[in-house]
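**Student:** Sharing a structure, written as structure tokens. Questions coming.
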Amino acid sequence: MSSVNKQTLIFLGPQGSGKGTQIDLLKEHLAKVDTGRTILQFGMGQGLRELATHADFTGKKTDAILRAGGLIPYSVSCAVFAQYLMNNAQGDEHIIIDGFPRTPDQVPMLDSALDFFEAKPATVVCINISDEEAVTRLLKRGRNDDTEEGIRKRLAWSRKDTMPNVEWFRANPSYKVLDIDGERSVEEIQKDIIAQLGL
């Protein structure tokens, strides 16, 4: 029997907060401290990009919306998430979710999926950075679609849509919310997350 309880972790935070890096480090840590258990990682961005490669109607339409910088409708993003769990969950794995739920209407669907897949209690890891810090980091990253104006627009949208989700999780006893200061070194943030998760 593993001494580590199975974890369901939902990573939230603005673009540029370093979620991806922290998830990779945490997966390495979990694999060391809980060798026998599978780790599933679902990233909404990755799931949608994968869908956009399909040659069918859904794939082409998803691709067009993503290329235009639009939002994929709730029904499609929720289906992508549910499908991933239906294809991969066995009931005894660690589950790490990145970038979902994005909007308040996605929360009940996530909640019901975690019930069905026996993935509760869950922990929300909220990596907080200021808009100024996010803009600086994202401009440094230098993706061709990253202009300061575009970044600020996405950040404003993400704060308006994602912040109410965090409050919903705080009010729900099936979830624990960890507030992590994301404006420190990668190592300090990782230590903090591991300590707060009790791993």
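The values are calculated or read from the model by the stated rules, or taken from the named source; none is laboratory data. Given the structure is predicted, the values throughout are model-derived calculations rather than measurements. No Cβ is skipped: glycine too gets one built from the backbone with ideal geometry, and neighbour counts run over all protein chains shown.
**Student:** Take Arg170 and tell me if it is touching a residue at least 40 places away in the same chain (Cβ under 8 Å) and over 21 Å from Phe81 (Cβ atoms). Can you show your working first?
**Tutor:** Values: touching a residue at least 40 places away in the same chain (Cβ under 8 Å): no; over 21 Å from Phe81 (Cβ atoms): yes.
So Arg170 fails the test.
**Student:** Also: With the requirement that a residue be touching a strand residue (DSSP E or B) at 6+ places or on another chain (Cβ under 7 Å) and at pLDDT 95 or above, what does region 39-53 give you?
**Tutor:** Listed by number, the residues that qualify are Ile39, Leu40, Gln41, Phe42.
**Student:** For region 128-151: of the residues being among the polar types (S, T, N, Q) and under 15 Å from Gly69 (Cα atoms), which is surrounded by the fewest Cβ atoms within 10 Å (Cβ to Cβ)? Step through it out loud before you land on a result.
**Tutor:** Taking region 128-151 as the starting set, the residues that turn out to be among the polar types (S, T, N, Q) are 128, 130, 136, 144, 147.
Filter once more, keeping what is under 15 Å from Gly69 (Cα atoms): 144, 147.
Details: Asn144: 5, Thr147: 12.
Here the residue is Asn144.
**Student:** For region 99-199, list the helices (runs of 4 or more DSSP H) that sit wholly inside it and hold at least 3 residues that are within 17 Å of the chain's Cα centre (by Cα) and modelled with pLDDT of 85 or more; which are they? Before you say what the answer is, go through the steps one by one.
**Tutor:** Details: elements: 107-116, 131-141, 148-171, 186-197.
The helices (runs of 4 or more DSSP H) meeting that bar are 107-116, 148-171, 186-197.
**Student:** Then there is this: Look at Asp92 and say whether it is at pLDDT 95 or above and acidic (Asp, Glu).
**Tutor:** On the way: at pLDDT 95 or above: no; acidic (Asp, Glu): yes.
No.
**Student:** Give the residues of region 26-85 that are in a loop (DSSP other than H, G, I, E, B), touching a residue at least 40 places away in the same chain (Cβ under 8 Å) and closer than 30 Å to Glu188 by Cβ, sorted by residue number. Lay out the reasoning, then the answer.
**Tutor:** Our first condition is that a residue be in a loop (DSSP other than H, G, I, E, B); within region 26-85, this holds for 34-38, 52-56, 68-73.
Among the residues that remain, those that are also touching a residue at least 40 places away in the same chain (Cβ under 8 Å) are: 34, 37-38, 69.
Matches in region 26-85: Asp34, Arg37, Thr38.
**Student:** Which ones in region 40-61 are within 20 Å of the chain's Cα centre (by Cα) and either farther than 30 Å from Gln7 by Cβ or surrounded by fewer than 16 Cβ atoms within 10 Å (Cβ to Cβ) (or both)?
**Tutor:** So in region 40-61, the residues within 20 Å of the chain's Cα centre (by Cα) come out as 40-52.
Gly45, Gln46, Arg49, Glu50 - these are the residues of region 40-61 that are within 20 Å of the chain's Cα centre (by Cα) and either farther than 30 Å from Gln7 by Cβ or surrounded by fewer than 16 Cβ atoms within 10 Å (Cβ to Cβ) (or both).
**Student:** Something else about it: Within region 158-199, count every residue that is of a type in the set (Ser, Thr, Tyr) and touching a Leu at 6+ places or on another chain (Cβ under 7 Å). It would help to see each step written out before you state the result.
**Tutor:** Within region 158-199, the first condition is being of a type in the set (Ser, Thr, Tyr), and the residues that meet it are 158, 162, 174-175, 185.
After this cut, where a residue has to be touching a Leu at 6+ places or on another chain (Cβ under 7 Å) as well, the list is 162.
Going through region 158-199 one residue at a time, the tally reaches 1.
**Student:** Then there's this: As an exercise: evaluate Thr162 against (1) in contact with a strand residue (DSSP E or B) (Cβ under 8 Å, 6 or more places away or on another chain); (2) closer than 24 Å to Tyr74 by Cβ; (3) surrounded by fewer than 18 Cβ atoms within 10 Å (Cβ to Cβ) and give the number of the one condition it does not meet.
**Tutor:** (3)
**Student:** From the list Ser185, Ser130, Ser174, Ser158, pick out the single residue that is closer than 20 Å to His29 by Cβ and hydroxyl-bearing (Ser, Thr, Tyr).
**Tutor:** Among Ser185, Ser130, Ser174, Ser158, only Ser185 is closer than 20 Å to His29 by Cβ and hydroxyl-bearing (Ser, Thr, Tyr).
**Student:** I would also like to ask the following. Quick one: which residue in Lys27, Lys32 is under 20 Å from the mean Cα position of the chain (by Cα), within 24 Å of Glu93 (Cα to Cα) and surrounded by fewer than 18 Cβ atoms within 10 Å (Cβ to Cβ)? Before you say what the answer is, go through the steps one by one.
**Tutor:** Numbers: Lys32 fails: under 20 Å from the mean Cα position of the chain (by Cα).
After applying the criteria, what remains is Lys27.
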